[in-house]
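Below is one structure, written out as structure tokens, with a few remarks after it.
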Amino acid sequence: MAHPTQLGFQDAASPVMEELLHFHDHALMIVFLISTLVLYIIVAMVSTKLTNKYILDSQEIEIVWTVLPAVILVLIALPSLRILYLMDEINDPHLTIKAMGHQWYWSYEYTDYENLGFDSYMVPTQDLTPGQFRLLETDHRMVVPMESPIRILVSAEDVLHSWAVPSLGVKMDAVPGRLNQTAFIASRPGVFYGQCSEICGANHSFMPIVVEAVPLEHFENWSSLMLEDA
């Protein structure tokens with residue numbers, strides 16, 4: 001999860017998020033190089049009285065500053081499109097979970113099981129135990145098996161919501177009457193936090209998301225216990 005005064009992204013917990021971090025660094029380096037070049041040109045123009053008549057009227061330089069930005073845009077667009085298609089691919093998911101947004105909590109339904117579903121409410125501050133995070137902990141976590149493709153079907157019961165977990169590289173709008181889908185693979189075990197990323201009302205900031213990735217054996221034990229309790 002994010003730490004105080006953290007400037008960068010959270011540590012990647014899925015292959016897609018790793019690709020997004022690499023693309024961010026790639027694009028940021030290009031922006032730094034462009035900014036440095038522009039700053040150098042501005043300083044050079046301001047600090048010298050000399051002029052070059054060949055630079056002021058030169059077709060060669062016009063060709064360069066027309067072709068070079070086009071090449072830079074291609075260098076940014078190609079990896080961006082690649083990641084966009086990777087994020088849309090959902091190949092043979094091992095588990096499908098339906099996430100419904102409500103004012104102001106999430107409900108989850110494991111559609112591969114006959115009767116496995118629950119509501120996930122934020123834990124009030126006065127009920128937190130040592131080690132739990134304020135405004136981020138829920139009474140029921142969404143448990144998933146690690147290293148398995150997970151498909152998330154996202155919708156809403158009342159108003160617009162958004163199901164987002166930054167460390168997994170997932171953000172999908174929850175629209176009433178519409179079923180959106182996204183997917184992720186948790187590459188390591190852990191607990192990953194997110195929040196509703198749509199301004200959905202007065203308690204918008206009080207409907208957190210907690211995804212717990214565990215080994216497959218532990219997930220099977222958890223699902224068996226949940227089905228027995230149901």
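Counting only whole DSSP H helices of the chain, the ones at least 15 Å long by C-alpha along their axis and with mean Kyte-Doolittle hydropathy no lower than 1.0 are 15-47, 59-88. Based on the Stokes-Einstein relation at 4 °C and a viscosity of 1.567 mPa s, and on the Kirkwood radius from alpha carbon pairs, region 95-229 is assigned a translational diffusion coefficient of 86 µm²/s. Here the average projected area of the convex hull drawn through the C-alpha atoms of region 15-88 stands at 6.0 nm².
In plain terms, the chain from residue 44 to residue 178 could stretch by 42.7 nm, reckoned as 0.36 nm per residue minus the Cα-Cα distance.
For residue 119 and residue 27, the FRET efficiency from 1/(1 + (r/R0)^6), where r spans their Cβ atoms and R0 equals 45 Å, is about 0.70. Taking amide H as placed 1.01 Å from N in the peptide plane, residue 120 has its amide H under 5 Å from the amide H of 106, 107, 108, each at least 5 places away in sequence or on another chain. Listed options for Cα extents along the principal axes in Å are (1) 84, 41, 34; (2) 69, 56, 40; (3) 47, 47, 26. The value calculated from this structure is the one marked (1). Surface composition of the chain: carbon plus sulfur atoms contribute 60% of the solvent-accessible area (1.4 Å probe, protein chains only, all chains present). Note on the chain: helix-only mean residue ellipticity at 222 nm, from DSSP H runs of 4+ residues weighted -39500 (n - 2.57) and normalised by residue number, equals -12000 deg cm²/dmol. When the chain is treated as a GNM with alpha-carbon contacts under 10 Å, the residue of 132, 195, 181 showing the greatest mean-square fluctuation is 132. In the chain, a dipole from Cβ-located charges (positive for Lys and Arg, negative for Asp and Glu) runs towards its positive end, and of 126, 38, 17 it is 38 whose Cα lies farthest in that direction. Here the Karplus curve 6.51 cos²θ - 1.76 cosθ + 1.60, taken at θ = phi - 60°, turns the phi angles of region 95-105 into couplings of 8, 10, 10, 9, 10, 10, x, 10, 8, 9, 7 Hz, with x standing for Gly and Pro.
Please work out the average accessible area per residue across the chain, using the 1.4 Å probe convention, and give it in Å².
Working: 14550 Å² over 230 residues.
Per-residue value: 63 Å².
The value of relative contact order for the chain, using C-alpha pairs under 8 Å at least six residues apart, is 21 percent. Couplings 3J(HN,Hα) for region 153-164, derived from phi with the Karplus relation 6.51 cos²θ - 1.76 cosθ + 1.60 (θ = phi - 60°), are 9, 10, 8, 9, 8, 10, 10, 5, 10, 8, 8, 9 Hz, where x marks Gly and Pro. A simple spin-label model places pseudo-atoms 7 Å from Cα toward Cβ; at residue 199 and residue 5 they are separated by 3.1 nm.
The values are calculated or read from the model by the stated rules, or taken from the named source; none is laboratory data. All figures in this text were calculated on a predicted structure; none of them were measured in a lab. No Cβ is skipped: glycine too gets one built from the backbone with ideal geometry, and neighbour counts run over all protein chains shown. Surface areas here come from the heavy atoms of the whole protein model, side chains and all, with no ligands, DNA or RNA. Shrake-Rupley method; radii C 1.70, N 1.55, O 1.52, S 1.80 Å.
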